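Every number in this text was worked out from the coordinates using simple rules, so none of it is lab data. Keep in mind that what you see is a predicted model, and the values were worked out from it rather than measured. Cβ placement follows ideal geometry from the backbone for every residue including glycine, while neighbour counts extend to all protein chains displayed.
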C-alpha cells in the first residue's frame, strides 16, 4: 500500500467549497448554491467528469450520450465511443459515495455523502485509468459482449472499523462500462441465506440467469488501487439524511424526497460517522465536540416520528 497515490482526496460533500478554495484549477468546473438541497452542486461536464447518480449534483450542460448517470454506466459500442470515454476519464474525476448506517431503533438509519476526487494526471492514477481503457478496447475488438465494473468499495469497507461493519454500508462506489447491459442486481446477489429463504425463486430465476449471462457475457471487475486521504473543513456542518421504515435509494434525494429527513451535525463527529481509524483524524481533534447538540436533535426527531406514528 505504500506505493499508492496519497493524492486521492475524500471529504464530506458539504466540504466541497473548502476544497475548491484550495484547488483553483477545479473552480471553473463548479457553481455552488448556498442552500444544501438536491442540485446545489452545479458542474460543468466539459471541465470535470462526475461519475455519480447522487442528485446533489446537477450538470449545467447535456452529458455525453455514452454516459448514464442514473445507472452509473458507460455504453461503448464503437471506437468513437471509446475515444469519448478516453476524453471523459482524462478530466478530474468525481465520485460521490454514500455511507449508510442502519439502526435498530425507530429511526432505521441515516445516509452521509462523501466526495472522492481523482486526479487523472497523477502518474499512479493515470496508469490505472489507462488499464481500464485498454481492457475496454481489448474486449471491443474481440466482438464479445462484456461488462467491466470498476470500483473502490473494498477500500472503503476495509477501512471501516470491524465493530461497525455489521451495520455500515457504502454505496455508489463504482461505475460500469459495457456494450450490452450491467448485471441484474437482484438475480446476481450472493446472499445465500436470502436464497435459502426463497429457494424456488433461485431455482427458477436466479440460477438460469447466472448460467445464461456467464455463457453470453464477459463480466470482469477492476478494483482501483488508491489510498484515500480524508480531509474536511473544521467549520463545515455535515448533513445527515435520516429515513424511517422504507429504505430509499442512496443519493436519490429528489426522487425519494418524502422519505428523507435532513439534520445537521458538527464536523467534529466525522470520526464517528466515517468509522475509520482514529489515527487518520488526529490533526482535527482540536475542534470542539458538540455531541449534546446532536443528541438533542436526534431526540427531537424521535419525538416527531412517535407523533406521526400515533396519528
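Between the alpha-carbon centres of the stretch 105-163 and the stretch 39-61 there is a gap of 18 Å.
As a rough footprinting exposure proxy, the listed residues 155, 82 were ranked by other beta carbons within 10 Å of their own, and the order from fewest upward is 82, 155. Using the Cβ-Cβ distance between residue 23 and residue 102 with R0 = 41 Å, the FRET efficiency computed as 1/(1 + (r/R0)^6) comes to roughly 0.75. Each of 96, 244, 216 has some number of other Cβ atoms within 10 Å of its Cβ, and from fewest to most they run 216, 244, 96. The slack in the chain from residue 225 to residue 254, taken as 0.36 nm per residue of separation less the alpha-carbon distance, amounts to 7.2 nm.
Tell me, what is the FRET efficiency for residue 63 and residue 163 to the nearest 0.05, using R0 = 35 angstrom and their Cβ-Cβ distance as r? The calculated FRET efficiency here is 0.30. Report P(r) for the stretch 1-126: all Cα-Cα distances, bin width 10 Å, range 0 to the bin holding the largest distance, values in whole percent. So the P(r) values, bin by bin, are 11, 39, 33, 14, 3, 0.
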